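Each remark here refers to the structure printed beneath this line.
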Amino acid sequence: MATQVLIFAICAFATCGGYYGHLQVKVDCADRRQSNLSIDIDFGYPFRLQQVHFKAPSCEAKREETLFLDGDFSSAAQFFVSVGVFVFLYSLLATVVYVFYQNKYLKNNRGPLVDFVVTVIFSFMWLISSFCWAKTLSNIKSATNPTQVLLLISACRAQENKCTATQEPLWSRLNTSTVFGFVNVVLWAGNIWFVFKETGWYKTGQRYPTRSASGKRSSEMRQQLYTESSFDQPDESFVPQATRQDSFNQSKGVHGQTSFNQLQVNSSLPQTYLSKPVIYDGENTVALQGPMIFVNEM
């Protein structure tokens, strides 16, 4: 981007500052001895036309008159060229800083902030200077129009004399400078966004993003659904202790809990054995034998 800005800035001020215009008219007097068939009028940057003078025959008494063009258009032209020169110098300096002093450029975020401010200023200056120069160029064309120049010659106001333009200025170079001016406006205005992304203001906005209206509505809906689901589920504080114990037993496994219970019973209760009971009669003989339970004290 810096290289493109550099090139277009050179093209803008070079096509305007190096312009040279040439206008040629001829005055054919009724008395041909006083005619001048080649009157050259030269003008150029900075377009102080009131200082451009030429000599034309008066077609009377064999004398010539000195005439001047009208208008001073130096302010707009010099402003346009000055903007181009300053942009060229700044772009050259910025390129050197980007390439050789990148660490100092990013230190404390000063470099991107200065670059952003300067970019905004130059964008505005390119816009103003381009519009002013486009309007001034239109006025220069009117002031150097052959018809307008011939009206300045007194001999051309007489009907018996003939005045014509043999060569007109070429405006293609100045028209190109106007186009380059507006191209620079587009380049610098578009470069504002890229320079802004390097500043701390853009990074701060990315660090703390703002939620949109749709995001807020989605958050409210999620909060409402969470509230409704919390009312539907029973509170764990009111679940009986047995239920909690069952849940604990299920999570630990039925097998492990059963082994633990068996070990606890075996260690705390006496062992019992089942056998057939024996019934004795009066003579101490076994009359009936049934199931019996023997207790082994621990």
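Looking only at strands (runs of 3 or more DSSP E) that fall completely inside region 1-69, which ones have 1 or more residues that are farther than 19 Å from residue 151 by Cα and touching a residue at least 24 places away in the same chain (Cβ under 8 Å)?
Details: elements: 20-28, 36-44, 53-57, 64-68.
Filter on region 1-69 gives 20-28, 36-44.
List pairs: first in region 184-207 and closer than 22 Å to residue 10 by Cα and exposed (fewer than 12 other Cβ atoms within 10 Å of the Cβ), second modelled with pLDDT of 80 or more and among the charged types (D, E, K, R), Cβ under 7 Å, 6+ apart or cross-chain?
The qualifying pairs do not exist here.
Test residue 143 against the stated conditions and say whether it is crowded, with 17+ Cβ neighbours inside 10 Å, within 33 Å of the chain's Cα centre (by Cα), under 24 Å from residue 14 (Cβ atoms) and of a type in the set (A, V, I, L, M).
Details: crowded, with 17+ Cβ neighbours inside 10 Å: yes; within 33 Å of the chain's Cα centre (by Cα): no; under 24 Å from residue 14 (Cβ atoms): yes; of a type in the set (A, V, I, L, M): yes.
Against the criterion (crowded, with 17+ Cβ neighbours inside 10 Å, within 33 Å of the chain's Cα centre (by Cα), under 24 Å from residue 14 (Cβ atoms) and of a type in the set (A, V, I, L, M)), residue 143 does not qualify.
Specify the residue that is farthest from residue 165 (Cα to Cα); the eligible residues are those in region 29-64 that are among the charged types (D, E, K, R) and modelled with pLDDT of 90 or more.
Going residue by residue through region 29-64, those that are among the charged types (D, E, K, R) are 31-33, 40, 42, 48, 55, 60, 62-64.
Checking which are modelled with pLDDT of 90 or more leaves us with 40, 42, 48, 55.
Numbers: 40: 10, 42: 14, 48: 22, 55: 15 Å.
Among them, the one singled out is 48.
When you check residue 71 against the structure, is it surrounded by 18 or more Cβ atoms within 10 Å (Cβ to Cβ) and at pLDDT 85 or above, yes or no? Step through it out loud before you land on a result.
Working: surrounded by 18 or more Cβ atoms within 10 Å (Cβ to Cβ): no; at pLDDT 85 or above: yes.
The answer is no for residue 71.
Residue 174: loosely packed, with under 14 Cβ neighbours inside 10 Å, assigned to a helix (DSSP H, G or I) and touching a helix residue (DSSP H, G or I) at 6+ places or on another chain (Cβ under 8 Å), yes or no?
On the way: loosely packed, with under 14 Cβ neighbours inside 10 Å: no; assigned to a helix (DSSP H, G or I): yes; touching a helix residue (DSSP H, G or I) at 6+ places or on another chain (Cβ under 8 Å): yes.
No.
The values are calculated or read from the model by the stated rules, or taken from the named source; none is laboratory data. Here the structure is a predicted model, which means the values were calculated and not measured. Cβ sites come from the backbone with ideal geometry, for glycine too, and all protein chains shown count toward neighbours.
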